[in-house]
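Trainee: Pasting in a structure now, in structure tokens, and then I'll have a few things to ask.
The values are calculated or read from the model by the stated rules, or taken from the named source; none is laboratory data. Keep in mind the model is a prediction, meaning the values are calculated, not measured. Cβ placement follows ideal geometry from the backbone for every residue including glycine, while neighbour counts extend to all protein chains displayed. These accessible areas exclude ligands, DNA and RNA; they are computed on the full protein's heavy atoms, side chains included. Shrake-Rupley method; radii C 1.70, N 1.55, O 1.52, S 1.80 Å.
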Number of protein chains: 2
Amino acid sequence: MKNSEFVDRDLKTVWHPCSQMKDHEFLPMIPIKSGKGVYLQDFEGNRYLDAISSWWVNLFGHSNEYINSKVSEQLETLEHVILAGFTHEGAVRLSERILKIAPQGLSKVFFADNGSSGVEVALKMSFHYHKNRGETRPYFISLKNSYHGETLGALAVGDVELYKDTYSEMLMKTIQVPVPEDQKEESIWEPIQELEVLLEKRSHEISGIILEPLVQCAGSMHMYHWRYLIEVKRVTEKFGIHLIADEVATGFGRTGKMFALNHAEISPDFMILSKGLTGGYLPLSLVLTTDRVYREFYCDYTLQKSFLHSHSYTGNALACSAANATLDIFENENILNSLSEKMKFMKRELEKFQKLPNVKEVRQTGMIGAIELQGYKWEDRIGLEVYKYGLENGVLLRPLGHIVYFMPPLSITIPEMEKMISVAFGGISKLIQ
Amino acid sequence: MKNSEFVDRDLKTVWHPCSQMKDHEFLPMIPIKSGKGVYLQDFEGNRYLDAISSWWVNLFGHSNEYINSKVSEQLETLEHVILAGFTHEGAVRLSERILKIAPQGLSKVFFADNGSSGVEVALKMSFHYHKNRGETRPYFISLKNSYHGETLGALAVGDVELYKDTYSEMLMKTIQVPVPEDQKEESIWEPIQELEVLLEKRSHEISGIILEPLVQCAGSMHMYHWRYLIEVKRVTEKFGIHLIADEVATGFGRTGKMFALNHAEISPDFMILSKGLTGGYLPLSLVLTTDRVYREFYCDYTLQKSFLHSHSYTGNALACSAANATLDIFENENILNSLSEKMKFMKRELEKFQKLPNVKEVRQTGMIGAIELQGYKWEDRIGLEVYKYGLENGVLLRPLGHIVYFMPPLSITIPEMEKMISVAFGGISKLIQ
């Protein structure tokens, strides 16, 4: 089959996410037939190196044999069972294993289906915790330039205008505080001070602060120093508000450690996981929290303090099998140790970009690298030029505006990284000519 | 392994959905080892007939061989690919097939991961549609006693106090109108009149009305006449607001037709599907809409009218394969025709309950049957007694308060229905003694 036949059918029926569909009058829509390792292949045999892990989810390559075998096994025994009043081995094993590697103090696991739903669970639980203690605290704090998902609660704590402004009349009011402006340690103090000043005045009406640790991924891959997390932890304890860590994108090795919080060695009150959790296979999210939070809901039913949130597929057995297989690979293949060479390689390669006149800054946190372009207007849509160049040269890059970035599967090899980075270099260089 | 060992591990780590965890000091937590057909089996070999389709998702039995084979095939080619700028066969085929069987006029498919996220997509799209036309319409109408999910946007259009009241300070304001009070046709006129009076005054600030057609499932399985849907359709057209049909629970044969809207032969502006969509296998949801809506977003990107909603696993290839397999079964096994005998059987059996002194009413829509108990206070938690009796006798019933209901897999046989219903009868009768 030709790509074009397939694309015609697609464009008649599918409304794609996060897309202006009219763009596809000039932008190719790529129909994928199969995936293997870091490569996706279309119906005409063209291959694309998946430099963005298909929206930051894939960890160990497409159609991974080991994960496939585990999901297949699960199909033969149990595809799904309601998780209210019932449980199953995959959900319990996954919970035990995640709690074992999560920051200390996290001791309970609540299940949902995607990152947005996980964020909503954490927000509702945090608010409800205070209410169960007799306090109504309707506000949440988040960082400027933050992104936490697309459902209305998650969107409300976000701060990316592009996604949020249209819906402002539908959103609960939240408070944004400054994020450190760069990765230097000295940049953290002003934002921390501003947070403290705010909490001195308003902590009694604030449930918690939510943040993406170290990297604001959909927020232009903005990065900041881990010391900020230590200070935020101190401040949230001082003022008695919750620290909610959104590790949906940063979790599972992306930052070079299992979780971004590990860099600061702190424990949050809530931690949200999704994306890489299933190795890029299936939608699943987890909200981890503490016994302290759990106990505030644990009482006779008639006191009406229960957390009555649910999704039909909560704790889905197939998704849990993919997640357990993903943890197996982390353990069996010593993945985190294998990353240091790749991170060093990325660092060295990124320096080359710094010399290009249209590059403002390069930055890196673990296996995430970003190149910020300069000298263009947003209407130029310069990222699309790099995107098209990437596709023509066999690499799926998907710049965020004028930020070209890499977030490849952790299993990528050095030669594959070389290809990925050199194509990005070519695409950015071409803009100058 | 004994159930109890497993349950101990579970209760140390998992915070279950929609549960007061303290209940499990006296209520059994059932660890499921495997599922086959309508039965779930625990670690000690006890079997439970899944009378509620594991939260209304399962259609053709657990660990269904055909669906298993199709998901396994998919594992070998492509587990997942980003759906922005990319597409794959399963998503396109599923979209084409769903549009072919959906009410006329629906022509585009947007993907999400669960029912709540699907509802949020529809609400945002409806609001955004009006905004793209220069109108800000911040209100949505829903029916009294309605339920549409748990994320904050979905929760805001719900009206079940139990789920909603705690979070009132976090929710956007919405408007509830009366739902017809029973299944008689004559009950629809007062609610319709009230809706018209409201819209006469306020339609300019209202984006749309959202409803579950025919059955308010989480709303105590309250049921109403299909004629109401025809009148709502007329009214929404008259006043230029959207009709949003939440068929998350009612879709895929539950009401005896493919979609509940088919009973009224009307087309909505948005239709949300999930639960049965994948046969009970995997989280996936679809929002279907019209060309009219689609075109209002289709323009040059710089006009900033794009719908920039996304979830990482949007259009997940594995979930699409389960959904396509589910549609195969509907076609190949002529499922809808096979239901009439089962529905008649349920009707006959439900009549027996009517004679019990603690039964207020029985009601049925297609394959959904409900028995409303009377003479108890909510604190009696009488549903729990029926739940425990069910488990002791090998049937998973999960009453909603004092409503005992059946929503079994469509593949259930008459003898299996007989068992399911007789155990429910036993449990309800026992309450009288």
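Trainee: Checking the conditions here, which among B:Ser53, B:Ser63 is over 20 Å from A:Tyr281 (Cβ atoms) and either more than 7 Å from chain A (Cβ to nearest Cβ) or free of Cβ contacts under 8 Å to residues at least 40 places away in the same chain (or both)? Talk me through it step by step, then tell me what you get.
Mentor: On the way: B:Ser63 fails: over 20 Å from A:Tyr281 (Cβ atoms).
Exactly one of B:Ser53, B:Ser63 is over 20 Å from A:Tyr281 (Cβ atoms) and either more than 7 Å from chain A (Cβ to nearest Cβ) or free of Cβ contacts under 8 Å to residues at least 40 places away in the same chain (or both), namely B:Ser53.
Trainee: So which of A:Leu198, A:Leu273 is surrounded by fewer than 24 Cβ atoms within 10 Å (Cβ to Cβ) and closer than 26 Å to A:Tyr163 by Cβ?
Mentor: Numbers: A:Leu273 fails: surrounded by fewer than 24 Cβ atoms within 10 Å (Cβ to Cβ).
Testing whether each residue is surrounded by fewer than 24 Cβ atoms within 10 Å (Cβ to Cβ) and closer than 26 Å to A:Tyr163 by Cβ leaves just A:Leu198.
Trainee: Of the residues that make up the range A:366-374, is at least one surrounded by fewer than 16 Cβ atoms within 10 Å (Cβ to Cβ), away from chain B (no Cβ under 14 Å) and at pLDDT 95 or above? Steps first, answer last, please.
Mentor: Just the residues of the range A:366-374 that are surrounded by fewer than 16 Cβ atoms within 10 Å (Cβ to Cβ), to begin with: A:374.
Then drop every residue that is not away from chain B (no Cβ under 14 Å), which leaves A:374.
Now narrow it down to the ones that are at pLDDT 95 or above: A:374.
Yes, the conditions are met somewhere in the range A:366-374.
Trainee: Which residue pairs have Cβ atoms under 9 Å apart, sit 6 or more places apart or on different chains, and have a first residue in the range A:350-369 that is assigned by TED's automatic domain parsing to the domain that holds A:Leu410 and hydroxyl-bearing (Ser, Thr, Tyr) and a second that is assigned to a strand (DSSP E or B) and open to solvent by less than 10 Å² (accessible area, probe 1.4 Å)?
Mentor: Once the first residue is assigned by TED's automatic domain parsing to the domain that holds A:Leu410 and hydroxyl-bearing (Ser, Thr, Tyr) and sits in the range A:350-369, its partners that are assigned to a strand (DSSP E or B) and open to solvent by less than 10 Å² (accessible area, probe 1.4 Å) give A:Thr365/A:Val215; A:Thr365/A:Met223.
Trainee: Take the residues in the range A:242-263 that are assigned to a loop (DSSP other than H, G, I, E, B) and open to solvent by 10 Å² or more (accessible area, probe 1.4 Å); name whichever of them is nearest to A:Gly369 (Cα to Cα).
Mentor: Per the criteria, the residue is A:Gly256.
Trainee: Within the range B:109-120, can one find any residue that is touching a Phe, Trp or Tyr at 6+ places or on another chain (Cβ under 8 Å), farther than 21 Å from B:Val232 by Cα, in a helix (DSSP H, G or I) and open to solvent by less than 10 Å² (accessible area, probe 1.4 Å)? Steps first, answer last, please.
Mentor: Here is the first cut: in the range B:109-120, the ones touching a Phe, Trp or Tyr at 6+ places or on another chain (Cβ under 8 Å) are B:109-110, B:113-114.
From what's left, farther than 21 Å from B:Val232 by Cα: B:109-110, B:113-114.
From what is left, the residues that are in a helix (DSSP H, G or I) are none.
No: the range B:109-120 contains no residue that is touching a Phe, Trp or Tyr at 6+ places or on another chain (Cβ under 8 Å), farther than 21 Å from B:Val232 by Cα, in a helix (DSSP H, G or I) and open to solvent by less than 10 Å² (accessible area, probe 1.4 Å).
Trainee: Next question. Of (1) in contact with a strand residue (DSSP E or B) (Cβ under 8 Å, 6 or more places away or on another chain); (2) crowded, with 19+ Cβ neighbours inside 10 Å, B:Leu282 satisfies all except one. Which?
Mentor: So the condition that B:Leu282 fails would be (1).
Trainee: Could we say that A:Lys12 is of a type in the set (D, E, K, R), facing chain B (nearest Cβ under 7 Å) and in contact with a helix residue (DSSP H, G or I) (Cβ under 9 Å, 6 or more places away or on another chain) here?
Mentor: Considered against the rule, which asks whether it is of a type in the set (D, E, K, R), facing chain B (nearest Cβ under 7 Å) and in contact with a helix residue (DSSP H, G or I) (Cβ under 9 Å, 6 or more places away or on another chain), A:Lys12 comes out as no.
Trainee: Before we move on, is A:Ser72 among the polar types (S, T, N, Q), in the same structural domain as A:Glu247 (by TED's automatic domain parsing) and crowded, with 24+ Cβ neighbours inside 10 Å?
Mentor: Answer is no for this residue.
Trainee: Hey, another quick one. Would you be able to tell me the number of residues in the range B:157-179 that are touching a residue at least 12 places away in the same chain (Cβ under 8 Å) and either more than 17 Å from the chain's Cα centre (by Cα) or more than 10 Å from every other protein chain (Cβ to nearest Cβ) (or both)?
Mentor: Looking only at that region, the number is 14.
Trainee: Continuing with this model, one more query. Output the residues belonging to the range A:19-73 that are closer than 29 Å to A:Glu333 by Cβ and assigned to a loop (DSSP other than H, G, I, E, B).
Mentor: Matches in the range A:19-73: A:Val38, A:Ala51, A:Ile52, A:Val57, A:Asn58, A:Leu59, A:Phe60, A:Gly61, A:Ser63, A:Asn64.
Trainee: With closer than 24 Å to A:Leu318 by Cβ, more than 7 Å from chain B (Cβ to nearest Cβ) and either touching a helix residue (DSSP H, G or I) at 6+ places or on another chain (Cβ under 8 Å) or modelled with pLDDT of 95 or more (or both) as the only criterion, which of A:Gly45, A:Gly37 stands out?
Mentor: Of the residues listed, the single one that is closer than 24 Å to A:Leu318 by Cβ, more than 7 Å from chain B (Cβ to nearest Cβ) and either touching a helix residue (DSSP H, G or I) at 6+ places or on another chain (Cβ under 8 Å) or modelled with pLDDT of 95 or more (or both) is A:Gly37.
Trainee: When you check B:Gln183 against the structure, is it part of a strand (DSSP E or B) and open to solvent by 30 Å² or more (accessible area, probe 1.4 Å), yes or no?
Mentor: no
Trainee: Among the numbered criteria (1) open to solvent by 10 Å² or more (accessible area, probe 1.4 Å); (2) within 24 Å of A:Met21 (Cα to Cα), which single criterion is violated by B:Asn46?
Mentor: B:Asn46 satisfies all of (1) open to solvent by 10 Å² or more (accessible area, probe 1.4 Å); (2) within 24 Å of A:Met21 (Cα to Cα) except (2).
Trainee: Can you tell me which residues in the range B:131-156 are in a helix (DSSP H, G or I) and either touching a helix residue (DSSP H, G or I) at 6+ places or on another chain (Cβ under 7 Å) or surrounded by fewer than 22 Cβ atoms within 10 Å (Cβ to Cβ) (or both)?
Mentor: B:Lys131, B:Asn132, B:Leu152, B:Gly153, B:Ala154, B:Leu155
Trainee: Please list, ordered by first then second residue, the pairs with beta carbon atoms under 6 Å, 6 or more apart or interchain, first in the range A:124-138 and more than 7 Å from chain B (Cβ to nearest Cβ) and in contact (Cβ under 8 Å) with a residue 60 or more places away in the chain, second among the aliphatic types (A, V, I, L, M) and open to solvent by less than 10 Å² (accessible area, probe 1.4 Å).
Mentor: Partner pairs satisfying both residue conditions: A:Tyr129/A:Val293; A:Arg137/A:Ile206.
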